[in-house]
1. Taking 37 °C and 0.692 mPa s as the conditions, I'd like the Stokes-Einstein D for segment 137-190 in µm²/s, using the Kirkwood hydrodynamic radius from alpha carbon pairs.
2. Excluding same-chain residues fewer than 8 positions from Lys132, which lysines have a Cα within less than 25 Å of its Cα?
3. Show the residues, 5+ positions off or on another chain, whose built amide H is closer than 5 Å to the amide H of Leu167.
4. Would you mind counting up the charge near Ala141? Only other residues with Cβ under 14 Å from its Cβ, with Lys and Arg at +1 and Asp and Glu at -1.
5. What is the distance in Å between the Cα centroid of segment 173-213 and that of segment 100-150?
6. Quick check: net charge around Ile35, other residues with Cβ under 10 Å of its Cβ, Lys/Arg +1 and Asp/Glu -1?
7. What are the residues whose amide H is under 5 Å from the amide H of Gln74, where those residues sit 5 or more places off or on another chain and H is modelled from the backbone?
8. Taking segment 22-92, which trypsin sites (Lys or Arg not before Pro) meet the DSSP loop condition and have no more than 12 other C-beta atoms within 10 Å?
Amino acid sequence: MTPPIPAHSRWPGQPLPLTPIRVGIFIDGMTFKIISDYYRFEHSRHARPGFEGIDLLAQSLVGSHLKRPAKVSQKHLFMGVRPGPAAGLSPGFEQSMRRNSVTPHYLPMVGAGEKGVDTALTLEMYRLAITKQVDAAVLVATDGDFAPLALEVRALGVPVYLLGFHLPNASRQPVYLATALRQSVSHTLSVSAFIDSPAASGHPMIDRLFYRPASSFAGVRAAAPTPAPSAHPGHSPYSASPLAQIAAPRPLAPPPADALLRAG
């Protein structure tokens, strides 16, 4: 926690600065991969959402809702991998995770599907909430199975936010945002609606959300997960207008009203 500023270092009557809210981000890796592939290969942007952009959206969503500065303190990505020579993701993606302080949680795939990924995400998010290591949790997921988790974490006094994607028209693999999940969280930002809205054209927040990678997300290699440090330097100040400001040198216009959905 940030130590208090000594009284002799402040002007008389100057209020104490607000301690930033510690935000933890929890990413369903397979869902994130499907979303990433959609924007890279099917969407007109032909670019992938990046971890830095996810940070900015999360900090702005939490900060605008709680009226406090928000700072991502840790990020966790959970994903099933196959044993053997194709265990890990592409070197470029793993480098991106390390560069952006993402802690990977790889679990073995069984047959055609993942095994234990939802459980691992649930346990880690609940553990960090109940031990008060995060003040707010942000989910990047679509599955309604996470709805009970969101409700339990909120019962601990930790608000839960959702960066939601709803892509029913994706030709490779449609993505459906579960109503139960949206209704169980404190707030939902419909990121896909924001991206496709007229207000997104030239919007700095969207420009910083996407990047064009040199290597493919889908490539694989044998690798053991490398833990990344939990602290993240990004910091977004609170703005009275929802998502009106991020860690950028100039203020940003808010997303369209229908992109920010209140639930719970």
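1. 292 µm²/s
2. Correct list for Lys132: Lys67, Lys71, Lys75.
3. Result for Leu167 returns Val175, Tyr176, Leu177.
4. -3
5. Segment 173-213 and segment 100-150 have Cα centres spaced 20 Å from each other.
6. +1
7. Val23, Ile25
8. Taking segment 22-92 and a limit of 12 other Cβ atoms within 10 Å, the loop trypsin sites (Lys or Arg not before Pro) found are Lys67.
Any read-out appearing in this document is the output of simple, stated calculations on the displayed coordinates, not a laboratory observation. Quantities reported herein were computed from a predicted structural model and do not represent experimental measurements. Cβ coordinates were reconstructed from backbone atoms using ideal geometry, including for glycine residues, and neighbour counts include every protein chain displayed.
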